[in-house]
Amino acid sequence: MEAATKTIDPAEVAKFEAMAAEWWDPNGKFKPLHMLNPCRLDYIVTQIAAQFGRDPKAPRPFEGLRLLDIGCGGGLLSEPMARLGATVVGADAAGGNIPVARLHAEQSGLEIDYRHCAAEDLAAAGERFDVVLAMEIIEHVADPQGFVNTCAELLAPGGLMFCSTMNRNPKSYMMAIIGAERVMRWLPVGTHDWSKFVTPDELYALIRTAALDPVDRKGMVFNPIAWRWSLSDRDLSVNYVTASVKR
């Protein structure tokens, strides 16, 4: 897959390939994502509903929308999106994730089109989507601008892209590298490379260069006392998420 080599970092893919079997273990190596999932789902659902004029309280509010989950992993976001009525394609460069995702979707009675491929492969095939999710992935790619450009290419006009990542500053180093990997042991040491974290301003620049219009960004903040994540209008110091529209 020549096109796929443009943004994929093989070393990063190998990290997640090694953890593939643990995707649906809420106390395993993906515990942080299980804890974060309700918070990011809240953001995604609210933004999609606003962009496409849908009622999030309806039984299947996203019926008729085609959604791509890039770096889908085991399907932690693909499955709830399918339950909300979207036609979902889940793509991942780590082949070991796909059978795990397919099996869990089958057990859950969901139809999700999981593919072992890169975003570039889908773009080259002329695939287009109303919504593209690029969650917790840009800090793992070899070419961030090329990756965002590909996400933009995959969007239909008026389509919505979500991109979440971690800010690059001393606080994020202490919390994501020291705290999550070395103290809490939520993730294997070396899962993240702090130097590849992206500041909100840097991400907005990447998004605008790709001819997308940023429409919103929020912080995702962990409260160690309540032991839960919440959205913040002001605190983007560690985890944050953006929404952008294709012109």
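The values are calculated or read from the model by the stated rules, or taken from the named source; none is laboratory data. None of these values were measured; they are calculated from a predicted model. Ideal geometry is used to build each Cβ from the backbone, glycine not excepted, and the neighbour counts take in all protein chains shown. To get the accessible areas, we keep the full protein, side chains included, count just its heavy atoms, and leave off ligands, DNA and RNA. Shrake-Rupley method; radii C 1.70, N 1.55, O 1.52, S 1.80 Å.
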Seminar exercise, completed: Counting only residues that are in a strand (DSSP E or B) and among the acidic types (Asp, Glu), segment 60-81 contains a total of 1
Problem set entry | Residue pairs meeting the criteria (Cβ under 7 Å; at least 6 apart or on separate chains; first assigned to a strand (DSSP E or B), in segment 82-108; second of a type in the set (Val, Ile, Thr)) | 88/112; 90/112; 91/70; 92/98
Exercise. Here are some conditions: (1) closer than 19 Å to residue 231 by Cβ; (2) at pLDDT 95 or above; (3) of a type in the set (A, V, I, L, M); (4) surrounded by fewer than 23 Cβ atoms within 10 Å (Cβ to Cβ). Residue 175 meets all but one. Which one does it not meet?
Worked result: (2)
For this session: Could you identify the single residue in 45, 88 that is under 26 Å from residue 220 (Cα atoms), surrounded by fewer than 22 Cβ atoms within 10 Å (Cβ to Cβ) and of a type in the set (Val, Ile, Thr)?
Result: 45
Problem set entry | Unmet criterion (only one of (1) modelled with pLDDT of 95 or more; (2) assigned to a loop (DSSP other than H, G, I, E, B)) for residue 190 | (1)
Exercise. For segment 211-228, what are the residues that are under 18 Å from the mean Cα position of the chain (by Cα) and either at pLDDT 95 or above or surrounded by 20 or more Cβ atoms within 10 Å (Cβ to Cβ) (or both)?
Worked result: 212, 214, 215, 216, 217, 218, 219, 220, 221
Exercise. Does residue 122 satisfy the condition of being under 26 Å from residue 207 (Cα atoms), out of contact with any strand residue (DSSP E or B) (no Cβ under 9 Å at 6 or more places or on another chain) and either in a helix (DSSP H, G or I) or open to solvent by 50 Å² or more (accessible area, probe 1.4 Å) (or both)?
Worked result: no
Problem set entry | Odd one out for residue 113 among (1) crowded, with 17+ Cβ neighbours inside 10 Å; (2) over 25 Å from residue 217 (Cα atoms); (3) acidic (Asp, Glu) | (1)
Exercise. So, in segment 13-42, of the ones that are open to solvent by 30 Å² or more (accessible area, probe 1.4 Å) and assigned to a loop (DSSP other than H, G, I, E, B), which residue ends up nearest to residue 165 (Cα to Cα)?
Worked result: 29
Problem set entry | Test for residue 152: is it of a type in the set (A, V, I, L, M, F, W, C) and surrounded by fewer than 23 Cβ atoms within 10 Å (Cβ to Cβ) | yes
For this session: Starting from segment 135-154, keep only residues that are farther than 19 Å from residue 241 by Cβ, then list their pairs with residues that are outside any helix (DSSP H, G or I) and modelled with pLDDT of 95 or more whose Cβ atoms are within a distance under 7 Å, requiring at least 6 positions of separation or different chains.
Result: 149/210
